[in-house]
């Protein structure tokens, strides 16, 4: 596979928070965007890539999805609905707008489901939080994602949420620069494209500029 070809398994994780990286699993939100979660297998691949699932967990979910394709399709549809709600909430905040009530309601509905799967478990000589899925759950990756969104919404970092200024890109990221000056999701992709566009505009302007009269 060409490493330059974006897929769910190698998509850049540049959001700075799990929920923002999940929002960035489509090139642009809308009909013209390239969808990186085109199948349940893509959702599993991205979840492994993002560190939500390990290989045994992903393989177990894949086997269950193959036995229950309708449930897998519903899990993918629910994950994409969660992604779009996360995107709309944080894109609005990135531009200084208040999120829409239906989007917050959607996040809260996902959050209630997620918290019903959260338990205290013994680990490493102590105790910690653990996600405990039921046998029929095919979307356990959604729970840490919506929990990440809730954490960010209630954190001091919320005013750092920004949106890429690149053409045909609306990815979200946490701007950790000192003066909030980051403009691009990645300099290697959108930043580089913007530089090239500026270069060609300058070159075109020079080549089409009227020549002065010579004595």
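From the P(r) of segment 18-181, can you give the percent of Cα pairs sitting at distances over 25 Å?
Of all Cα-Cα distances in segment 18-181, 34 percent exceed 25 Å.
How far is helix 142-153 tilted, in degrees, relative to the longest principal axis of the Cα atoms in the chain, given as a value from 0 to 90 rounded to the nearest 10?
Once rounded, one gets 60 degrees.
Only helical DSSP H runs with n ≥ 4 go in: add -39500 (n - 2.57) per run for the chain, normalise by residue count and round the 222 nm mean residue ellipticity to 500 deg cm²/dmol.
Numbers: 7 runs with 99 residues, N = 215.
When only DSSP H runs of four or more count, the value is -15000 deg cm²/dmol.
Which residue, 76, 44, 158, tops the fluctuation ranking in a GNM of the chain built on C-alpha contacts under 10 Å?
Ranking 76, 44, 158 by mean-square fluctuation puts 158 first.
What do you get for Rg/Rh over segment 83-149 if you use C-alpha atoms and the Kirkwood form of Rh?
Radius of gyration relative to Kirkwood radius: 1.10.
With a cut-off of 8 Å between alpha carbons and a minimum separation of six or more residues, what is the relative contact order of the chain in percent? Numbers along the way, then the final one.
Values: 246 pairs, mean separation 47.0, N = 215.
Averaging sequence separation for qualifying contacts and normalising by length gives 22 percent for the chain.
To make sure I understand, if each residue's beta carbon is the centre and we count other beta carbons within 10 Å, what order do 178, 117 fall in, fewest to most?
Working: 178 6, 117 15.
If I rank by nearby Cβ atoms, fewest first, I get 178, 117.
In what sequence do 63, 83, 71 fall when counting other Cβ within 10 Å, fewest first?
Numbers: 63 10, 83 21, 71 16.
Lowest to highest Cβ neighbour count: 63, 71, 83.
Just how many % of Cα pairs in segment 48-88 lie over 17 Å apart, if you round to the nearest whole percent?
Working: 361 of 820 pairs.
Roughly 44 percent, once rounded to a whole number.
In what sequence do 171, 97, 143 fall when counting other Cβ within 10 Å, fewest first? List each step's numbers first, then the result.
Values: 171 27, 97 9, 143 23.
Fewest-to-most ranking of 171, 97, 143: 97, 143, 171.
Between segment 147-181 and segment 79-142, what is the C-alpha centre distance in whole Å?
One Cα centre to the other: 18 Å.
We did not get these values from a lab; they are worked out from the coordinates using the rules stated. Note that the structure is a prediction, hence the values are computed from the model and not measured. In this analysis, Cβ positions are derived from the backbone assuming ideal geometry, glycine residues included, and neighbour counts consider all displayed protein chains.
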